[in-house]
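Chemist: Sharing a structure here in structure tokens format.
The values are calculated or read from the model by the stated rules, or taken from the named source; none is laboratory data. Source: prediction; values computed, not measured. Glycine also receives a Cβ, built like all others from the backbone with ideal geometry; neighbour counts cover every protein chain displayed.
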Ligand SMILES: NC(=O)c1ccc[n+]([C@@H]2O[C@H](COP(=O)([O-])OP(=O)(O)OC[C@H]3O[C@@H](n4cnc5c(N)ncnc54)[C@H](OP(=O)(O)O)[C@@H]3O)[C@@H](O)[C@H]2O)c1
């Protein structure tokens, strides 16, 4: 797989999944990549040096997608510096403390609810449509989602992010129809829980241990948590020419965890 598109902007690529996606796109042939950060300039510089080691050139763009004009400014600046924007990937999530309270859904503060929508749904609406204006030879738009959080109601404190991700998935379907005639695909990629420097790494150690144990117990058929490389690989596939006819889809990358049936104990589902 080599990617024919030459320019890419990845919002939220100072660390976590966004960084791995930037490195993977560089490895697969994307020549110029805008690395975006909000507060982590030195982290973004690390990502920059990693993509340069893969043979790409890069530029840094700073900005906050939580305000109305922030997202648009980020894309405009990146497109100007890159001389275009063939690929847009949104991999943004605020720090856990900004969006998370360990409370029932009915108790989540309006402030946290609003930040979830501003940084996910509205940011995707604004950034994706701005980026599409620079995709004159076709292009790729990918939003990092969490479809499970939008489809279920079990993880109570996630009501804001879950609802905002559901809106992102929905926007991707509408934009896929709007942009299909221009050769632009729009999809979302939905990881399970990934390790390393991601938002998961900000949760208490006992949560991380419990999630790993759960995955290894069989509730994730592949028996492990995902890695940023697992997610980056799917994003790169979506940017390849081979993926040109797939659009408006929400792809789950979770080692099969979403296939398990919550109505039955594991031992009844998977005989030893
Ligand atoms: N990690 C997982 O297991 C997992 C699971 C499901 C879905 N996802 C989704 O995958 C994406 C990436 O997650 P991650 O865990 O890799 O995140 P992460 O490591 O916490 O990185 C988040 C990125 O978002 C940026 N950011 C935060 N608030 C921002 C704002 N207001 N405006 C602009 N940029 C902002 C950060 O920039 P600075 O650091 O420079 O401030 C950073 O680059 C997210 O959309 C997340 O919801 C992740």
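Chemist: Could you check how many residues of the range 210-232 are more than 8 Å from the ligand (Cβ to nearest atom) and closer than 30 Å to residue 133 by Cα?
Modeler: Adding up the residues that qualify gives 3.
Chemist: Another question, then. Within the range 24-59, which residues are surrounded by 22 or more Cβ atoms within 10 Å (Cβ to Cβ) and in contact (Cβ under 8 Å) with a residue 60 or more places away in the chain?
Modeler: Within the range 24-59, 24, 25, 30 qualify.
Chemist: Tell me which residues, restricted to the range 170-183, are loosely packed, with under 15 Cβ neighbours inside 10 Å and either within 12 Å of the ligand (Cβ to nearest atom) or touching a residue at least 24 places away in the same chain (Cβ under 8 Å) (or both).
Modeler: Within the range 170-183, 177, 180, 182, 183 meet the criteria.
Chemist: Within the set of pairs 6 or more residues apart or between chains, which connect a residue that is near the ligand (Cβ under 7 Å from one of its atoms) inside the range 184-209 to a residue that is at pLDDT below 90 and assigned to a strand (DSSP E or B) with Cβ atoms less than 8 Å apart?
Modeler: Partner pairs satisfying both residue conditions: 200/194.
Chemist: With respect to residue 18, is the statement that it is crowded, with 18+ Cβ neighbours inside 10 Å, under 30 Å from residue 156 (Cβ atoms) and either near the ligand (Cβ under 8 Å from one of its atoms) or at pLDDT 95 or above (or both) true?
Modeler: It is true that residue 18 is crowded, with 18+ Cβ neighbours inside 10 Å, under 30 Å from residue 156 (Cβ atoms) and either near the ligand (Cβ under 8 Å from one of its atoms) or at pLDDT 95 or above (or both).
Chemist: A further question on this structure: Looking only at the range 174-193, how many residues end up being outside any strand (DSSP E or B) and under 12 Å from residue 128 (Cα atoms)?
Modeler: Here the count works out to 5.
Chemist: Name the one entry in 146, 88 that is within 13 Å of the ligand (Cβ to nearest atom), closer than 24 Å to residue 237 by Cα and under 16 Å from the mean Cα position of the chain (by Cα).
Modeler: Step by step, each of 146, 88 is checked, and only 146 is within 13 Å of the ligand (Cβ to nearest atom), closer than 24 Å to residue 237 by Cα and under 16 Å from the mean Cα position of the chain (by Cα).
Chemist: Which of the following residues is farther than 19 Å from residue 133 by Cβ and either within 14 Å of the ligand (Cβ to nearest atom) or within 20 Å of the chain's Cα centre (by Cα) (or both): 69, 109, 13?
Modeler: 13
Chemist: A follow-up question, please. Answer yes or no: is there a residue in the range 21-29 that is under 22 Å from residue 149 (Cβ atoms), within 15 Å of the chain's Cα centre (by Cα) and outside any loop (DSSP other than H, G, I, E, B).
Modeler: Yes, some residue in the range 21-29 is under 22 Å from residue 149 (Cβ atoms), within 15 Å of the chain's Cα centre (by Cα) and outside any loop (DSSP other than H, G, I, E, B).
Chemist: Output the residues belonging to the range 221-268 that are free of Cβ contacts under 8 Å to residues at least 24 places away in the same chain and either in contact with a helix residue (DSSP H, G or I) (Cβ under 8 Å, 6 or more places away or on another chain) or crowded, with 18+ Cβ neighbours inside 10 Å (or both).
Modeler: Of everything in the range 221-268, just one residue is free of Cβ contacts under 8 Å to residues at least 24 places away in the same chain and either in contact with a helix residue (DSSP H, G or I) (Cβ under 8 Å, 6 or more places away or on another chain) or crowded, with 18+ Cβ neighbours inside 10 Å (or both), namely 261.
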